[in-house]
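The values are calculated or read from the model by the stated rules, or taken from the named source; none is laboratory data. For clarity, every value in this text was computed on a predicted model and none was experimentally measured. Glycine also receives a Cβ, built like all others from the backbone with ideal geometry; neighbour counts cover every protein chain displayed.
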Amino acid sequence: MFDASFNTEDEIIAALVAGQVVGIPTDTVYGLAADPLNARALRRLSKIKGRDSNQPIAVLFSELSKLAPYVEQIEQIQRIELFWPGAMTAIVRAKQDGLSAPLVTEQFTIGIRKPASETTLKILERMGGFLAVTSANKHDEPPANSAQEVVEIFGGEVSVLDGGSSSHGVASTVVDFTYDTPRLLRQGALEFEEVMKAWMKD
């Protein structure tokens, strides 16, 4: 077991600006985060995670307006804002001249979420409003629910901010909104039935 010495928020921001991968708390599980506009940082994020470099990575944001230059039909996306901040990742259409892989797929879709964590939101704001974030675990392994677990998984590969234990302990629910009817891609902390009930009311 590692005797972890955790980083401050300022140190985490400095590491992100320098193109490093960091471990941060969210409202679901701990995440590995990187600058979404830094291609080298994104490649390093995929490598540390142990996954294919083209496998999609979601974006966490502080305010939906921050993503306006990168996603299509921002007005329609506002329809599902009632689930944010919260444990739902929405798959939506991405602009073709916006962000690149692995954030945007070959079909020009992107996963976005506003987390219900003041600590995470402060970090997002300081980094321009959004970050590339994937769960803090090796590919196909259980996600970390504490800063100590992140250190035990990745050792000195990433700087880690200790935000206590994750409130949910389960990854977000992933819902594809690129069709006329929402499609469940991964059941997580938010029940898909809640999404459908709200969607059908509109």
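Side notes on the structure shown:
- The lone exception for residue 144 - which of (1) buried (at least 20 other Cβ atoms within 10 Å of the Cβ); (2) assigned to a strand (DSSP E or B) it fails: (2)
- Residue that is farthest from residue 26 (Cα to Cα) [pool: residues in the range 106-122 that are touching a Leu at 6+ places or on another chain (Cβ under 7 Å) and among the β-branched types (Val, Ile, Thr)]: 110
- Among residues of the range 155-202 being over 23 Å from residue 73 (Cβ atoms) and β-branched (Val, Ile, Thr), the one that is surrounded by the fewest Cβ atoms within 10 Å (Cβ to Cβ) is 170.
- Test result for residue 122, assigned to a loop (DSSP other than H, G, I, E, B) and in contact (Cβ under 8 Å) with a residue 12 or more places away in the chain: no
- Just one of (1) of a type in the set (A, V, I, L, M); (2) in contact with a Gly (Cβ under 8 Å, 6 or more places away or on another chain); (3) more than 15 Å from residue 59 (Cβ to Cβ) fails for residue 153. It is (2).
- For the range 33-53, the candidate set comprises residues that are more than 13 Å from residue 139 (Cα to Cα) and over 16 Å from the mean Cα position of the chain (by Cα); within that set, the residue that is surrounded by the most Cβ atoms within 10 Å (Cβ to Cβ) is 39.
- Selection of the range 91-111 for residues being touching a helix residue (DSSP H, G or I) at 6+ places or on another chain (Cβ under 9 Å), in a strand (DSSP E or B) and under 21 Å from residue 40 (Cα atoms) yields only 110.
- Only one of 79, 93, 113 that is at pLDDT below 90 and under 27 Å from residue 177 (Cα atoms): 79
- Residue in the range 173-182 that is of a type in the set (A, V, I, L, M, F, W, C), over 30 Å from residue 17 (Cβ atoms) and part of a helix (DSSP H, G or I) present: no
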